[in-house]
1. Positive end of the dipole of segment 299-429, charges at C-beta (+1 Lys, Arg; -1 Asp, Glu), about the Cα centre: which of G368, L381, S414 has its Cα farthest in that direction?
2. Give the residue from F313, G341, F248 lying farthest towards the positive end of the charge dipole for segment 233-342; charges sit on Cβ (+1 for Lys and Arg, -1 for Asp and Glu) and the dipole is referred to the Cα centre.
3. Just R402, R217, R68 to compare: in a GNM of the chain, with alpha carbon springs under 10 Å, which one fluctuates most?
4. If F400, F248, F45 are ordered by their accessible area, calculated over protein heavy atoms with a 1.4 Å probe, which sequence runs from highest to lowest?
5. Taking a 22 Å limit on the Cα-Cα distance, which of the listed pairs K94/K207; K264/K324; K127/K233; K322/K346; K74/K125; K75/K127 fall beyond it?
6. How large is ³J(HN,Hα) for each residue in segment 101-112, as worked out from phi by the Karplus curve 6.51 cos²θ - 1.76 cosθ + 1.60 (θ = phi - 60°), to whole Hz, x for Gly and Pro?
7. When we measure straight from the Cα of K30, which aspartates and glutamates land under 13 angstrom away, once same-chain ones fewer than 8 places off are left out?
8. For V289, what is the net charge nearby, where nearby means another residue's Cβ is under 11 Å from its Cβ and Lys, Arg count +1, Asp, Glu -1?
Amino acid sequence: YTYGANTEYYDWSSSNGGRFTGIDAELVYKMPERNGHSLDALARFQSDQEWQSSADLTPYLTRNLGARIIYDYKKRYILQLTSSYYGCDQYPEKNRYGFFPSVAAGWVFSNEDFFANNPILSYGKLKLSYGITGRNPYVSGRYPYYQYYVNGGVYSLGSDWSLFYGYQPGMLANPHIKWETSNMMNTGLELELFDRISLESDFFIDKRSDVLYINYRHPSFLGVDLPYENIGKLTNIGFDGRIGYENFENSFKWYADLLWTFCKNTIDEMGEATNEGELAHLNRTGNPVYAHYGYEVDGYFGSSPEGAPFQTFGPTREGDLKYKDQNNDQIIDARDMTMIGDGRAKMDIGLRAGLIYKGFDFEVLFQGQFNRDELLSGNPLYQPFIYGNSASEFALKSDFPRLTLSNMNNYHPSTYWIQNINFLPMRNLE
């Protein structure tokens, strides 16, 4: 069919199913308050099995034993201890379980005697927490600590060089693979003013270690598919905030909440073979996790390409994109790629507002993102004549490069195809 033309629905269908069983048990104890002291305790057991018909026949198994204790003294001083002993069958027996504890403390200073009957501050709380959590992404299939063998081995034997097909090792097994871990610290402040205005702020640092990456420092002449290893390190740092207002005194009541999150992440270690000097721009260590990579556009070719670096993607003509020679070798190729954008928003924002009047209520919700880069390269909706596509409105812009039926020079990932995405749409109206 012609790309972009109306088509009939496909006349085939497919389906797959699965089965999930779980056991959950909780034991809760609540101590009656005595002389201002109160204590809540919880113990929890969870065991899950999931069969996926589209995957292998062995079920995915997880098991968790968790506990939590909350101590409170006179609604002023709060201490919470939490722990989780979590197991997953995708790791070898010695690394199957991980212990993940956390501690959190809070001080409700507005309940102190020196804050009694304060006309301005109706609630105030300081909080601090630190904890370790585990993450178990499924990489390289099930049981990465076992060595798998796959079809594809071809050998020439005999004087007539007859081909014989067999098996060859798949991705190398990693008998030491284990959980990824996250060490997170959070500090925050909560305020309520005049019984109407509420303010919340949280600052957090999340240091992740043992992140699964392929270690490309191993020499390539090994001739095998390298395994995932717990060598990565990431840093997330950010700030959460909230401002709220509510007026529920009269028959006409209204409220509003503004929330935002700012977050920045960095790859501290990922096992890449780092480059130095004029090739340092190829390194991904130190960049965001969701960074876009491509070529930096350095204008357009004129009527004569003389003096410009040679671009290896096909013949260039007037109006084609000209790329920057990052390593100064007068050749534009994969060694000139660099970071050109960040695919993760640096700020998320939400706005909720509503009113209530004599039994009628109204609420609206907005949600948006800011400073997120979208890479349009590779999307045929923006590339004229590719895959039988026509010239879209995007291609009719005055700065669009030369239109062509075959030359792909202009459609490689580059800063031309990076578009900053900012949006704040209305998500819900009730």
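The values are calculated or read from the model by the stated rules, or taken from the named source; none is laboratory data. Just so it is clear, the structure is predicted and the values come from calculations on it, not from any experiment. So basically every Cβ, Gly included, is an ideal-geometry build from the backbone, and we count neighbours across all protein chains shown. Each accessible area value is taken on the protein alone, full model and side chains, heavy atoms only, with ligands, DNA and RNA left out. Shrake-Rupley method; radii C 1.70, N 1.55, O 1.52, S 1.80 Å.
1. Of G368, L381, S414, it is G368.
2. Of F313, G341, F248, it is F248.
3. Between R402, R217, R68, it is R217 that shows the largest mean-square fluctuation.
4. F248, F45, F400
5. Violating the 22 Å limit, Cα to Cα: K94/K207; K264/K324; K127/K233; K322/K346.
6. x, 8, 9, 9, 9, x, 10, 8, 6, 6, 8, 6
7. Cross-link targets: D40, D72.
8. Values: positive: R208, K264, R284, R344; negative: D268, D342.
Around V289, the charge tally is +2.
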